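Colleague: Handing you a structure now.
Readers should treat all values here as calculations from the given coordinates under stated rules, not as data from a laboratory. Note that the coordinates shown come from a computational prediction; the quantities given were computed from them, not determined experimentally. We place every Cβ from the backbone using ideal geometry, glycine too, and count neighbours over all the protein chains shown.
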Amino acid sequence: MKKAITIIAAIAVSIAMSAQEPATNKSWTFTTLPSTDVENLNADTAWTADSKGRFCFVKAIDNAALTASGTELTVTGGLLFTATANSNGNIRLGGTTASLWLGDADKLTLPARKKGDVVTLTYMTSNKSATRNLGLENITGTFPATTGKEQQTGTGTVVADGDVTFTIEGGMYFYTLSVQDSASAEDNPNGGGSGKGNENNPNDQTRGMSYTGESINTPMATDSVIIWCAPDGDDTTADGTATKPYFDLQKAIDRALPGTTIKMKAGKYVYNKRLNINDRNGTHDKYITVMCPDGRAILDFSAMPYHAHSDNPYQGLRLTSSYWHFYKIDFTNASDNGMLIERNKPTNGTSADVIARTQDAHDNIIEFCNFYRNGDTGLQMKNLASFNYVINCDSYDNKDEGDGDADGFAPKISVGDGNYFFGCRAYNNSDDGYDVFFKKDGGFQDNKTIVFESCLAYENGWINGTATKGNMNGFKCGSKQGRMNVVLNRCLAVNNGSKGFDQNHNLGDIIINNCTGYSLQTFGSKAYAYRIYEPLAEGSVCEVSNSVAIDDYTVKTASAKGEYGYKDKKYGRVQVTVASKEQTNDWLCSEANFQSMNDYADLIGPRQDDGNLNWDNITWGHPTVDNATVVDRGTDIAANTRYDASGIAVPAIAYAGTAPDLGAFEQGLISKKANYGTIDAIKTISATAGQKRASIVQAFNGMVIVNIEGGVAHEKFTVSAYSANGSLIGEHNFNGTNTSIYLPSAHGTIILRISGNGLNQAFKAVMK
C-alpha cells in the first residue's frame, strides 16, 4: 500500500454535501429498523426471533414485498424478495448483525428501473472463510467477491428498462442500497455513472463517494448507525441505544460495521481486560468512529491483572484493523501500552504471516486522545502498522516497572511506512517522548519513513520532579540496526533529561526543518539540544535547516518546575557533524531573542475545544517582535519529494514575511495558508472517474483526508478548492493515493476537485 501525506493551512472546517437527489432516486439503509416495523414484526407469527435478536421470516415468498401484520415494511419498502420456507428463516432483519441477511439462492429485486440508472450496493458474506459472489440480472458493473472480513461496495448500470435482480450465493449481509437515475448520475458532482468524460469506459459506474449522494461520510455524519456506551450501562439489558447503552465497549466494537459511530458518554469506564479490534475494518470512505461527543470518555484499565513489562496481552486496546477513528478517548492504567496498533500475527506465526496481512493496521485516525499513567508506552505502533494519523494527542506520565522503558509515542521495532504525527505532545514519560527505535531482525525491512509536524517533547525522563532510569530523550530517531527516515517539521524538544533531537545511531535520513531545541545540563548528564554525529548509510542524508538551539549562559537551581540542575556554557550544546545540507541554523541563540522562556505552562496547557494546540498563541519560544536575529533569517524550504516512491510527500515550510523565521514558531503566521494559485473560473467539473475514484474523510479538527482508490505512488494528483462563484481559492499537488489538507479560511459553499492521471471528480461542500 502506497500513500502520500501532506499538510497545508490550519483552519477547522466541517463539510457536508449539499446536493439533493431527484424524486426518482431512492436509497435504503438496512442497519436499523424503524419502530413501526419492530411493532409489526413482533406481532406477526411469520417472523420469529433468533439468538442474535434478529427477526426471521420463516415462510416462502415469490417476488413480493416483505410485510408484517399486513403492512409493507418501511425498511425494505419498494423492494421485492424471493426465498424458500425455512424454520430458521431465509430472510433476517436487525439484531446484533444490524443488517438484512439473505440466504442461499434468495433473490432481491429492484423493480421498474430505467436504462442507465446507477445502482450501488454495500454487502458482505456472513461466512468469514468463504468467498462468495452475487448473481446479476439486467445490470452490468463491478460487484466484488466478498470474503466476510471486509465490507464491499458494488456499483453498476441498468442495461435495459425493467427489473434489476441480485441472486444470493450463500448467506450474505446487506447494509445499504441506492439507485440514481442516469441524468443525476451524469450531472450531480457527488454521483457516478457513464456520463460525460467517461464514454470509453461505460461499465465503470463507481460513484464519486461510494455513498448515497446526500453527505460526505465525515465522522460528524448524522445518518450513520449509532451504538451508545455509558459508564452506567447495563450489559445484561443493553441494546446499544441511547436509552439502553452498553457499558462494555467491546460489545459495541463487535457490532460495528463500516460507517458505524460508537458514541461513548463522558465518564470513567473501568475494564479488567484488553479491548480488541481484529478483522473488523471500515472502508476508505466509511470509517468506524469511536468518540465522546460531550466531555471525555476515560478507559481505565486499573482492574486489569498486573503483569510485568513484556510483549503481553495487557495493552488497553489492541487495534489490528483499518479505517477506525478515535476521538476524545483517554487510555490510562493499562499494564502495558495504552493502545497498540499492529498487523495481526497468528499464533506461532512468522514475519511472512504479518507481511501478508495487508488489510491490517493502516489508515486509522487517532485524534484528540490522551494516554497517561500506563505501564509502558502510551501509544505504540509495530508489525508494519502504516499510514496512520495521530492528530492532537497527548501522552504523559507513562512509567514501566523498571522506570526506564515507557515512551510517550513509539512507532518502532518493526513499524511500517507513512505514519504521521501532527500537533502531539509527549511529556514526563520514563523513557523517551517519541521513540523510532528500529530492529531489522525478524524478517522486516528497514528504510521506512515517518513524519512529525508541530509536535512537542517536554521533560521526558522526569516524573513529578524526579529523574527516571530511562534514556530521557525528546525525539529518538532510530537505531544502528537499520535505517529509519525521520522528518521533523516545526517541532520542539524542551527540558528533556538528555538529548532533545537524537540520532541514536540511526543510519537513515534525518530531516529537521524549523525546530527548537532547549536542553538541560543536569548533574553531569549529556544534555544536547541536537546530537547527530555518526555516519549514515550510503545514500542517506542529514538535512537541518532553520533550526535553533537556545542557550542562556546562566546558572539556575532546582527551585522551579523544569529547572532541575545547573546550566553553564555547555547548556543546549549541539553536535551536528554529518549533515549533507545544513543551512541557516543558530546553534548558540540567546534566550533574549525569545518570549517567556521561564514560563512553560502554555506548552502543556489546555487545548482548544477541537483539540488544536493553539500553536500561534503559545508564547514560550516565540521570537520577540521583529527580532533581527531570528525573524526572516531562514531559507525557503520547498516540499520534499525524496519519498515519492513510497508515496510519502513532505510539505513545504510555510512562512510570513520575506523568509522563514528560525525555530518552530513563525512570527505573523496566524494560520498556515494554502499554496494559492491564480484566480480563474471553473469551466467544467465532471464527476466521472476512469478506473479510479476519490473519497473524503474528515477529522474533527478540520483535517480533510483525500483517498484515491486505484492510484499508485508515482502518480500525480491535484486538489483544487473553488468558491461558489467559481474562483480558485487554492491548489495542492500530491503524489500517491492519499493526502491530507486543511482547507483555507472561508465560509459557505465550496467545490473540491481532485484531478490527474485519469481522475476528475468534484465534491460540493458546505464549510461551517
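Colleague: What ranking do Thr624, Thr320 get, fewest neighbouring Cβ atoms within 10 angstrom at the top?
Modeller: Numbers: Thr624 14, Thr320 22.
In increasing order of surrounding Cβ atoms, one gets Thr624, Thr320.
Colleague: Using 7 Å Cα-to-Cβ label points, what is the Asn617/Ala537 separation (nm, one decimal)?
Modeller: Modelled inter-label distance: 4.4 nm.
Colleague: Set the Förster distance to 45 Å, then compute FRET efficiency between Asn133 and Glu39 from the Cβ-Cβ distance, nearest 0.05. The partial results should precede the final answer.
Modeller: Values: r = 36 Å, r/R0 = 0.81.
So the FRET efficiency works out to roughly 0.80.
Colleague: Then there's this: Expected output is a single nm value to one decimal: the length gained when fully extending between Val625 and Lys469, i.e. 0.36 nm times separation in residues minus the C-alpha distance. What is it? Mind showing how you got there, number by number?
Modeller: Working: separation 156, 0.36 × 156 = 56.16 nm, distance 4.02 nm.
Full extension from Val625 to Lys469 adds 52.1 nm.
Colleague: Next up: Modelled label-to-label distance, Thr74 and Glu401, 7 Å Cα→beta-carbon offset: nm?
Modeller: About 5.6 nm, to one decimal.
Colleague: Here's a follow-up. Between region 468-519 and region 244-258, how many Å separate their Cα centres?
Modeller: When both Cα centres are located, 39 Å separates them.
Colleague: Quick one: Val494, Val541, Val354, fewest Cβ neighbours within 10 Å first, how do they rank? Walk me through the numbers before you get to the answer.
Modeller: Numbers: Val494 27, Val541 15, Val354 24.
Fewest to most other Cβ atoms nearby, the residues stand as Val541, Val354, Val494.
Colleague: Separate question: List the pairs from Lys476/Lys581; Lys345/Lys716; Lys399/Lys448 whose alpha-carbon separation is above 32 Å, in the order I gave them. Display every interim value, and only then the final one.
Modeller: Working: Lys476/Lys581 20 Å; Lys345/Lys716 34 Å; Lys399/Lys448 28 Å.
Beyond 32 Å: Lys345/Lys716.
Colleague: Can you grab the distance from the C-alpha centre of region 328-398 to the C-alpha centre of region 594-621, Å, no decimals?
Modeller: 27 Å
Colleague: Now, a different point. Any chance you could run the full-extension gain for Thr350 through Ala638? It's 0.36 nm times the residue separation minus the Cα-Cα distance, nm to one decimal. Before the final figure, lay out each step's value.
Modeller: Working: separation 288, 0.36 × 288 = 103.68 nm, distance 4.10 nm.
That pair, Thr350 and Ala638, stretches by 99.6 nm at full extension.
Colleague: To continue, here is another question. Full-extension gain between Ala242 and Asp163, please, as 0.36 nm times their residue separation minus the C-alpha to C-alpha distance. Mind dumping the intermediate values first?
Modeller: Numbers: separation 79, 0.36 × 79 = 28.44 nm, distance 3.92 nm.
24.5 nm is the gain from fully extending Ala242 to Asp163.
Colleague: Past 21 Å, Cα to Cα, is the threshold; run Lys263/Lys286; Lys268/Lys412; Lys328/Lys412 against it and keep the listed order. Please list the in-between numbers first.
Modeller: Details: Lys263/Lys286 16 Å; Lys268/Lys412 30 Å; Lys328/Lys412 24 Å.
From Lys263/Lys286; Lys268/Lys412; Lys328/Lys412, over 21 Å: Lys268/Lys412; Lys328/Lys412.
Colleague: What nm value, rounded to one decimal, do you get for the distance between Thr140 and Ser51 when each label is placed 7 Å out toward the C-beta?
Modeller: 4.6 nm
Colleague: Using a Förster distance of 51 Å, how high is the FRET efficiency between Lys268 and Lys115, based on the Cβ-Cβ distance and rounded to 0.05? Write down the numbers at each step before the final one.
Modeller: Details: r = 58 Å, r/R0 = 1.14.
With a Förster radius of 51 Å, E is 0.30.
Colleague: What FRET efficiency do you get for Thr32 and Asp599 if R0 is 60 Å and r is their Cβ-Cβ distance, rounded to the nearest 0.05? Can you show the working numbers first?
Modeller: Values: r = 52 Å, r/R0 = 0.86.
Using R0 = 60 Å, I get an efficiency of 0.70.
Colleague: So which chymotrypsin sites (Phe, Trp or Tyr not before Pro) in region 296-395 end up in coil per DSSP with only 10 or fewer other C-beta atoms within 10 Å?
Modeller: Sites meeting the loop and neighbour criteria: Tyr306.
Colleague: Here's another thing I want to ask about it. Please report Lys476, Lys716 as a ranked list, fewest other C-beta atoms within 10 angstrom at the top and most at the bottom.
Modeller: Values: Lys476 29, Lys716 14.
Sorted ascending by nearby Cβ count, the order is Lys716, Lys476.
Colleague: Filter the chymotrypsin sites (Phe, Trp or Tyr not before Pro) in region 434-527 down to the DSSP loop ones having no more than 15 other Cβ atoms within 10 Å, then list what survives. Show your work: numbers first, answer last.
Modeller: Values: sites: Tyr434, Phe437, Phe438, Phe444, Phe452, Tyr458, Trp462, Phe475, Phe501, Tyr518, Phe523; in loops: Phe437, Phe444, Phe523.
Qualifying residues, ordered by number: Phe523.
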